[in-house]
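A.B. asks: Handing you a structure now.
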Amino acid sequence: MKFDDLDDNYQGDLALVGKTTSRIDGPLKTSGLAPYAYERHDVTGPQLVAYPVGAAIAKGRIASIDADAARSAPGVVDVILTTDVKPLPLSDWNTASLFGGAEVQHYHQAVAVVVAETFEQARAGAALLDIKYETTPAEFDLEAAHDRLSKDDVDPAADTGDFDDAFGNADVKLDETYRTACQSHAMMEPHATVANWEGDKLTVWTSNQMVQWTVEALATTLDMPAENIRVDSPYVGGGFGAKLFLRAECVLAALAARKTGQPVKMMLPRGMVFNNTTHRSATIQRIRIGASSDGKIVALGHDNTSGALPDGSGENATSQTLKFYGSKSFLVRNQVATLGLPESNAMRAPGEASGLMALEIAMDEMAEKLSLDPVEFRIRNDAQVDPLDSGRPFSQRNFVECLKTGAEKFGWTPRTGPGELERDGMWLIGTGVAGAYRGSPATKSGARVRLVEGGKLIVETDMTDIGTGSYTIIAQTAAEMLGLPIEKVDVILGDSAFPVSSGSGGQWGAASSTAGVYAACLDLRKKIAGRLENAGADVSFANGEVKFENGSMPLARIAATGELVGEDDAEFGDARDKYVVSTFGAHFTEVGVHAATGTIRVRRMLAVCDAGRILNPLTARSQVIGAMTMGVGAALMEHLAVDTKRGFFANHDLAGYEVPVHADIPRQEVIFIDGQDPHAGPLQAKGVGELGLCGVSAAIANAVYNATGVRVRDYPVTLDKLLEGLPAV
Ligand code: MOS
């Protein structure tokens, strides 16, 4: 189906979609029976184990590799060296080469793989490789690169309304620079693949968010036809963007399996995930806001610098600035510094997550300059149409309602500055607010639904569930459409043998994939009606039955005369072109800062989200509280420490790269504004998984300022940045 206008919206009553429903894959996951990629022992004969070796320099070339000791080590079956393989072609989704050739483009880029009978043997063999490098100089320091770059070389993303004049003449002005650190996805399950060849056909059981992209990327990288490749990724232990694309472990497993003629499995060791795969680039963001004395923004300037390998795109931290607040003039520029660090790429809410960390502190600072409450200041500058295209309204925008609802539920006291210090024993208490914005794209998504013996419905699509709840919302959608209880629906995901879906990324997965399932179910409903004689036009589905003009029939009986199959995809056309389809929210937090040590504890958090119809409040809430937790990490802990001499992330494990644990996280509340966005898709749903992260960190930074009077503009906000400015104990 093509979703074009309001007539394409689902019109019926909803019994299951939008209702709290426990994860249908929950029992498999909690009992350990959901098979993750590295556990797919059952899918092939005996599997060899591969262990990767990463480059020990950031840039240069390999002069020599002595692999004799590794080759003769116990249990080692084969060793593949990057110098033995021609540089593999780059797919559209990769910036750095995944393997092949003597050139080194970044630290821990794969340079060899050792294949052995056991994991321990492969690892021991890998340690015996003797690799000599020739190093070439490169830049690794974003600060230094930033100082040298000139803004004049940048094509502005927006330059309207004579910014210089408007800013220069504004009654009240802010001009500050904010910094975010390099971050790692640090998902629980490292990248893993089991690879097997049958003749010239390759199957990989892997952990990946985007099955079809990976089929295509493998076809390019291994120079083989896509139809000879099967990718299976039914369970993913977190991705956050690190698994959007084909990565080295999958390629190495495939090469090793081909060379040894045996199935090979490989997991990227945790210590290699941080430098071998992708990360979120650090940013340096200068924000200028000019406003009239009545609190209306007249000039909004945002200059962002991030880092990337040659031909990489960096972190677009200005994206929300083009859409969030109204202003008479804009000057928005992004520049990318070429660095020799590992590949920077998408991490949850790429763009907005980093951008709002800066913009929403700037809004807090500006409110104070204007002697306005920060909630009120945001409300005054809400935009109901695209700030840069007055002909393009938002499909639905309840940002003001998010702020008002949040202020009321949180118990927000309006204020015009940091006010009196508030104490609870040794803890200085503060509250903070920030706005949230995230685009909500939708992409073509297909599915097949089969009504089989016993009246069971099987849904097949290459959609992935990266911990988000895809299984459940897809089951809800299919059960809804066929009038079946959810127990009668089996959902099978992640197999490239199934219709191509949207995959999971950019918070497009939920709305897109359920639209595809909806379309396939409409097709199946037609096929069912076609099997009935004299059914008439008015056919409906409920209680496991199809009802028609002169009666009803159980679906089980219809299926008894042979399986019925519906298949279609949902595409998104004009309706989405006429509107800006985005999601909005407001975050409120309370922190305590220890008056003597500067230790920061988050005490409570509230998110209010405006994301169209919420398909399942339970799984959506889990998405948002997970994102809020990630926002605590970005605000207070997460920081890939760059060795600016040698060009790598020094803290490349979960001991050194700190993320929040349960003890760091207080009571979290999530409120969804009740909405159905009629322009978003047939189920009027939008994404929410990335929205939950947007703005969180700024709300925490603003709360720390409110608690202490110390303004930190350099994330993560750690106690060393507070100590000097803390009020006297
Ligand atoms: Mo998201 S960064 O597109 O997984």
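Every read-out reported here was derived from the displayed coordinates using simple, explicitly stated rules and does not represent laboratory data. A quick note: this is a predicted structure, and the numbers were derived from the prediction, not measured. Glycine also receives a Cβ, built like all others from the backbone with ideal geometry; neighbour counts cover every protein chain displayed.
A.B. asks: Given Cβ point charges of +1 (Lys, Arg) and -1 (Asp, Glu) and nothing else, what value in debye, to the nearest 20, does the dipole of the range 602-654 about its Cα centre take?
C.D. replies: Numbers: 6 positive and 4 negative charges, 31 e Å.
Roughly 140 debye, rounded to the nearest 20.
A.B. asks: By how many nm would the segment from ALA663 to ARG392 grow when fully extended, if each residue of separation counts as 0.36 nm and the alpha-carbon distance is taken off?
C.D. replies: Working: separation 271, 0.36 × 271 = 97.56 nm, distance 4.49 nm.
Full extension from ALA663 to ARG392 adds 93.1 nm.
A.B. asks: Assuming R0 = 56 Å, what is the FRET efficiency of LEU654 and SER552, from their Cβ-Cβ distance, to the nearest 0.05?
C.D. replies: 0.50
A.B. asks: What is the magnitude of the charge dipole of the range 324-406 about its Cα centre, with +1 placed on the Cβ of each Lys and Arg, -1 on the Cβ of each Asp and Glu, and no other charges, expressed in debye to the nearest 20?
C.D. replies: Using Cβ point charges on Lys, Arg, Asp and Glu, the range 324-406 gives about 200 debye.
A.B. asks: Here is a follow-up. From the C-alpha gyration tensor of the chain, pull out the three semi-axes of the equivalent ellipsoid (sqrt of 5λ each), sorted largest to smallest, in whole Å.
C.D. replies: Working: eigenvalues 333, 284, 99 Å².
Value: 41, 38, 22 Å, ordered largest first.
A.B. asks: Could you tell me which residue out of VAL704, VAL688, GLY675 lies farthest along the dipole of the range 665-713 toward its positive end? Charges go on the beta carbon: Lys and Arg +1, Asp and Glu -1, centred on the Cα centre.
C.D. replies: Value computed over the given set: VAL704.
A.B. asks: So the label point goes 7 Å from the Cα of ALA728 along Cα→C-beta, right? Which residues of the range 395-428 then have their backbone N under 20 Å from it?
C.D. replies: Under cut-off, by backbone N: 419-428.
A.B. asks: Distance from a point 7 Å along Cα→Cβ of ALA15 to each backbone N in the range 497-525: keep the residues under 17 Å and list them by number.
C.D. replies: 521-522, 525
A.B. asks: Now for a separate question. Farthest toward the dipole's positive end in the range 375-481, which of GLY391, TRP412, SER470, given Cβ charges of +1 (Lys, Arg) and -1 (Asp, Glu) about the Cα centre?
C.D. replies: Checked the options; the winner is GLY391.
A.B. asks: Label THR599 and GLU198 with points 7 Å out from Cα along Cα→Cβ: what is the distance between them in nm?
C.D. replies: 5.8
A.B. asks: Quick one: which of LYS2/LYS686; LYS2/LYS488; LYS296/LYS369 span more than 21 angstrom between C-alpha atoms?
C.D. replies: Values: LYS2/LYS686 17 Å; LYS2/LYS488 28 Å; LYS296/LYS369 13 Å.
Pairs exceeding 21 Å: LYS2/LYS488.
A.B. asks: Can you tell me the order of 212-220, 156-164 when each peptide is scored by its average per-residue count of other Cβ atoms within 10 angstrom, highest first? Mind dumping the intermediate values first?
C.D. replies: Working: 212-220: 21.6, 156-164: 16.8.
Listed from highest to lowest mean packing, they are 212-220, 156-164.
A.B. asks: Moving to a separate point now. Which is farthest toward the positive dipole end of the range 593-651 among ASN616, MET637, HIS594, measuring Cα position about the Cα centre, with Cβ charges +1 (Lys, Arg) and -1 (Asp, Glu)?
C.D. replies: HIS594
A.B. asks: In what sequence do GLU198, GLU139, GLU545 fall when counting other Cβ within 10 Å, fewest first? Spell out each step's value before the answer.
C.D. replies: Details: GLU198 9, GLU139 17, GLU545 20.
Fewest-to-most ranking of GLU198, GLU139, GLU545: GLU198, GLU139, GLU545.
A.B. asks: Per DSSP helix of 4 or more residues, -39500 (n - 2.57); summed, then divided by the residues of the chain. What does that give at 222 nm, rounded to the nearest 500? Each step should come with its number before you reach the end.
C.D. replies: Working: 17 runs with 178 residues, N = 729.
Calculated from helices alone, the mean residue ellipticity at 222 nm is -7500 deg cm²/dmol.
A.B. asks: Evaluate the charge dipole of the range 607-718 about its Cα centre and quote only its size in Debye, nearest 20, assuming +1 on the Cβ of each Lys and Arg and -1 on the Cβ of each Asp and Glu. Spell out each step's value before the answer.
C.D. replies: On the way: 8 positive and 11 negative charges, 28 e Å.
Dipole size: approximately 140 debye.
A.B. asks: Same structure, new question: Once each part is reduced to its C-alpha centroid, what is the distance from the range 512-575 to the range 14-74 in angstrom?
C.D. replies: The two parts, judged by their Cα centres, are 39 Å apart.
A.B. asks: If you don't mind, there's one more thing I want to ask. Suppose the chain between LEU28 and SER540 were pulled fully straight at 0.36 nm per residue; how much longer would it get relative to their current alpha carbon spacing?
C.D. replies: On the way: separation 512, 0.36 × 512 = 184.32 nm, distance 3.31 nm.
That works out to 181.0 nm of additional length.
A.B. asks: Using only the Cα atoms of the range 417-553, what are the Rg and Dmax in Å?
C.D. replies: Expressed in Å, the Cα Rg and Dmax of the range 417-553 come to 22.3, 78.
A.B. asks: Within a 10 angstrom radius of the beta carbon, how do ILE379, ILE57 rank from fewest other beta carbons to most? Mind showing how you got there, number by number?
C.D. replies: Working: ILE379 18, ILE57 23.
The order, fewest Cβ neighbours first, is ILE379, ILE57.
A.B. asks: Three principal axis extents, largest first, for the C-alpha atoms of the range 184-318, in Å?
C.D. replies: Extents along the principal axes: 73, 31, 29 Å.
A.B. asks: Then there's this: What distance in nm lies between label points placed 7 Å from Cα along the C-beta direction at MET1 and VAL85?
C.D. replies: 4.4
A.B. asks: To continue, here is another question. Quick one: grab Rg to one decimal and Dmax as a whole number for the range 288-349, Cα atoms only, in Å.
C.D. replies: Considering the range 288-349 through its Cα atoms, Rg and Dmax are 14.7, 47 Å.
A.B. asks: For the range 411-542, what does the relative contact order come out to in percent, with C-alpha contacts under 8 Å and a separation of six or more?
C.D. replies: Values: 191 pairs, mean separation 37.5, N = 132.
Over the range 411-542, the number comes to 28 percent.
A.B. asks: So if the hydrodynamic radius of the range 495-537 is defined as the Kirkwood radius over C-alpha pairs, what does Stokes-Einstein give as its diffusion coefficient at 37 °C and 0.692 mPa s, in µm² per second?
C.D. replies: Working: Rh = 12.3 Å.
Value of D from the Cα-based Kirkwood radius: 267 µm²/s.
A.B. asks: Taking the Cα centre of each part, how many Å lie between the range 401-467 and the range 109-186?
C.D. replies: For the range 401-467 versus the range 109-186, the Cα centre distance is 28 Å.
A.B. asks: If a helix is a whole DSSP H run, which ones in the chain reach 27 Å or further along their own axis (Cα) and hold a mean Kyte-Doolittle hydropathy of at least -0.5?
C.D. replies: On the way: long enough: 509-531 (33 Å, 0.20); 617-636 (28 Å, 0.93).
Answer set is 509-531, 617-636.
A.B. asks: Given N residues in the range 381-451, what is its alpha carbon radius of gyration divided by 2.2 N^0.38 Å? Walk me through the intermediate numbers first.
C.D. replies: On the way: Rg = 20.4 Å, N = 71, 2.2 N^0.38 = 11.1 Å.
Here the answer is 1.84, to two decimals.
A.B. asks: Could you compute the net charge surrounding THR416? Neighbours are other residues with a C-beta less than 13 Å from the C-beta of THR416; K and R count +1, D and E count -1. Spell out each step's value before the answer.
C.D. replies: Numbers: positive: LYS369, ARG415; negative: ASP364, GLU365, GLU368, ASP373, GLU376, GLU420.
The answer is -4.
A.B. asks: What is the mean projected area of the alpha carbon convex hull for the range 88-129, to one decimal in square nanometres?
C.D. replies: Details: hull surface 15.4 nm².
Over every viewing direction, the Cα hull of the range 88-129 projects on average to 3.9 nm².
A.B. asks: Peptides 6-13, 425-432: what's the order by average Cβ count within 10 Å, highest mean first? Numbers along the way, then the final one.
C.D. replies: Working: 6-13: 12.8, 425-432: 19.2.
Final packing ranking: 425-432, 6-13.
A.B. asks: For a quick protection proxy, order the peptides 230-242, 557-569 by their average other-Cβ count within 10 Å, most packed first. Write down the numbers at each step before the final one.
C.D. replies: On the way: 230-242: 23.5, 557-569: 16.3.
Peptide ranking by packing, descending: 230-242, 557-569.
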